[in-house]
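Here is the structure we will look at.
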Amino acid sequence: MNTPARSTAIVEWLRRRGSAIAVFALLILVWEVGVRVAGVKEYLLPPPSKVWTEFWKRHELVMAGAWVTTQEILAGYALAVVVSIPLAMWIAWSRFMEQAVYPVIVFLQIVPKIAIAPLFIIWFGFGFTPKLLLVFLLSFFPIVVASIAGFKGADRDIMDFARTTGAGGLRLFVKIRLPQALPQVFTGLKVGAALAATAAVVAEFVASDRGLGYLLLQYNGQLETPMVFATIVLLSLIGLAVYYAVEVVERLAIPWHVSQQHTAHDATM
Amino acid sequence: MNLHDLGGADGDAAGGRAVEPGSGSVPVARTAVELAGVAKTYRRRGVETHALASVDLAIREGEFLAIVGPSGCGKSTRLRLVAGLHLASAGEVRIGGRVVDRPQTALGIVFQSPVLLDWRDALDNVLVQVELRGLDPSAYRERALELLDQVGLRDFADRYPHELSGGMRQRVAIARALIHDAPLLLMDEPFGALDALTREQMRLDLEALWLATRKTVLFITHSVDEAVLLADRVVVMTPRPGRIERVLDIGIARPRGLAARRDAAFAEATQQITDLFLARGVLHGAGRTGVSR
Ligand SMILES: Nc1ncnc2c1ncn2[C@@H]1O[C@H](COP(=O)(O)OP(=O)(O)OP(=O)(O)O)[C@@H](O)[C@H]1O
Ligand SMILES: [Mg+2]
């Protein structure tokens, strides 16, 4: 029905992304040819074609691992979102919470969370829980810190204007504070999303018997370098998918902000 | 709301009028806003800033009062005190006889920057005024569109702030200050960020709006011309801590439009104010004469 429209959309997309795609394809090509011409050993740097064929041979096993890791990422990330945003609101509104809890959060944020992973194994064993918790922990801080900044950082003049209307409580929150905080909340959500995949893999490195992190270590130990690459690519794709999903939600939730960024971007081009 | 509605017609009529008390167009001079011995000192980390020295001032009902003064003399502070957004360190602000001890809601306020909500289009930015007051926005839709039309934004009601020019945004802010028909309008350098041409247009539009509604207006500006062209009375302030240097009655007939710039009273008043600033060292114009800016 709308084939012409769709094909122009694809053309448009290619026109915008074309150069990036070309560079990417070129890199892969250089890699493929370079490795073959120079005769680099496969266990050091396999050509992309070998990565693909090896992956395809064992894709069922690897995809099962990918599903496990995806679940850890999604569950941990969802928990982080559900906990951090209400907490950020609470800290932004309550003087006590701000004075008592916020400094603690700032301090804990400095702690290298990944260093805590082994502890989680002691506390929660080898199963799903320690992975979920590490993903939660890594995603939680960027979201909570950005959201606090968003909820607290109301423009002074906007708030003064609002005060001259006598609005308070819920009405003020729904009409002013929440929408004006959303851009920063989404910045935090995207940083958190980018960290979620890292967290899941690290947790699997530390102790596990499934998942992409586990497979990665196995393949590494057996010098199955093509499979190591395949696993890394898959991990990247999962991370990218989560990030992109957040961006789609952002576009739906705050189109005014996204289009604003685009106009600014267009203006500088 | 166009140039040709306002300009020309009365160029001569105004010429002969000397500076006389009151604008002549305000029949009863009831006091709308009163500042009695109002002073403001900001304290921050133990440092005191005397923003506003003791000030007595009465704004009459239906009057257009402008305040000019050098940067930092406490003009914005005064506006915030009237709005109840800051509380006076000494003295009292009264609106309609009632002491201001909290943010006032029976007013419309325009800040130096438009202060629009990025997530709402122009129409919804005007309507947020009534929404925040808990009123039904659909009942005000017509009026909001009318106001946007009046400030020349009929075709821009569905545009978001980032799609509007600086001048257009400020017009939206003015419409937002008018939608709920409050008796008092507070404007803090509302045209400060605009180019000269837009600024002149906004001045003309504002005068016409004011003539149609006769609200009490407190208008802050650092432009001497603008103050004299718009106001019934101009309050000239000293440098910080701001005191009232002089209050000038501007007797140029209304509507003043474009012609008022050629009025003798305009030249005289701007000259007087410029001389005051020269005497205070706010302007350093040694060797030059003539009207500032
Ligand atoms: N919230 C505040 N805390 C501390 N000092 C302040 C505050 N607001 C204003 N001041 C100080 O009070 C003085 C007067 O400020 P105000 O904003 O009223 O000046 P203004 O006349 O509006 O100046 P401008 O023309 O530049 O806008 C300044 O010295 C300023 O530094
Ligand atoms: Mg100011």
Inter-label distance, nm, simple model (7 Å from Cα along the C-beta direction), A:Val104/B:Glu48:
4.0 nm
Among A:Ala38, A:Ala253, A:Ala146, whose mean-square fluctuation peaks in a Gaussian network model of chain A (Cα, cutoff 10 Å)?
A:Ala38
Per residue of B:153-164, other chain Cβ atoms within 10 Å number on average 2
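Calculated from DSSP H runs of 4 or more alone, at -39500 (n - 2.57) each and per residue, what is the 222 nm mean residue ellipticity of chain A, nearest 500? Intermediate values should be presented prior to the final figure.
Numbers: 13 runs with 223 residues, N = 269.
Rounded to the nearest 500, the figure is -28000 deg cm²/dmol.
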Given the Cα-Cα distance of B:Arg280 and B:Thr41 and 0.36 nm per residue of separation, how much length would full extension add, in nm?
83.8 nm
Per GNM of chain B with C-alpha springs under 10 angstrom, the most fluctuating residue out of B:Gly84, B:Gly62, B:Gly134 is B:Gly134
Out of A:Thr164, A:Thr129, A:Thr225, any idea which swings most in a Gaussian network model of chain A, alpha carbons joined below 10 Å?
A:Thr164
Say R0 is 35 Å: what FRET efficiency, to the nearest 0.05, do A:Ala9 and B:Glu142 get from their beta-carbon distance?
0.35
Between the stretch B:236-269 and the stretch A:69-145, how many Å separate their Cα centres?
62 Å
What angle do you read, to the nearest 10 degrees and between 0 and 90, between the alpha-carbon axis of helix A:128-152 and the longest principal axis of chain A?
40 degrees
Gain on full stretching of the segment that runs from A:Ala25 to A:Phe173 - 0.36 nm per residue minus C-alpha separation
48.4 nm
Mean ellipticity per residue at 222 nm, deg cm²/dmol - from DSSP H runs of n ≥ 4 across chain B, formula -39500 (n - 2.57):
-9500 deg cm²/dmol
Karplus ³J(HN,Hα) for the stretch A:88-100 (6.51 cos²θ - 1.76 cosθ + 1.60, θ = phi - 60°; Hz, whole; x = Gly/Pro) runs 4, 4, 4, 5, 5, 8, 9, 4, 4, 4, 5, 6, 8
Run the simple label-point estimate for A:Trp52 and A:Asp155 please: 7 Å along Cα→C-beta, distance reported in nm.
5.1 nm
Roughly how far apart, in whole Å, are the Cα centres of the stretch B:172-198 and the stretch A:208-228?
66 Å
Straight-line reach only, C-alpha to C-alpha below 19 angstrom: list the lysines that A:Lys50 could link to, leaving out same-chain residues fewer than 8 apart.
A:Lys41
Pairwise label distance in nanometres, A:Val111 with A:Leu223, each label 7 Å out on the Cα-Cβ vector
4.1 nm
To the nearest 20 debye, what charge dipole does the protein assembly as shown have about its Cα centre, counting +1 at the Cβ of each Lys and Arg and -1 at the Cβ of each Asp and Glu?
980 debye
Can you figure out the FRET efficiency of B:Asp101 with B:Ala267, using R₀ = 51 Å and their beta-carbon distance, to the nearest 0.05?
0.75
For the residues B:Tyr42, A:Tyr102, what sequence is obtained by ranking on other C-beta atoms within 10 Å, fewest first?
B:Tyr42, A:Tyr102
Rounding to the nearest 20 debye, state how big the charge dipole of the stretch A:57-261 is about its Cα centre with +1 on each Lys and Arg Cβ and -1 on each Asp and Glu Cβ.
420 debye
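So for chain B: antiparallel DSSP bridges make up what percent, rounded to the nearest 5? It would help to have the intermediate numbers written out before the result.
On the way: 22 of 41 bridges.
Around 55 percent of the beta bridges assigned by DSSP in chain B are antiparallel ones.
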Name all residues of the stretch A:210-228 having a backbone nitrogen under 19 Å from the label point set 7 Å from the Cα of A:Ile121 along its Cα→Cβ direction, giving them as ranges.
A:210-222
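Coordinate-derived values only; no laboratory data. Note that the structure is a prediction, hence the values are computed from the model and not measured. Using ideal geometry, Cβ is built from the backbone for each residue, glycine included, and neighbour counts are taken over all protein chains shown.
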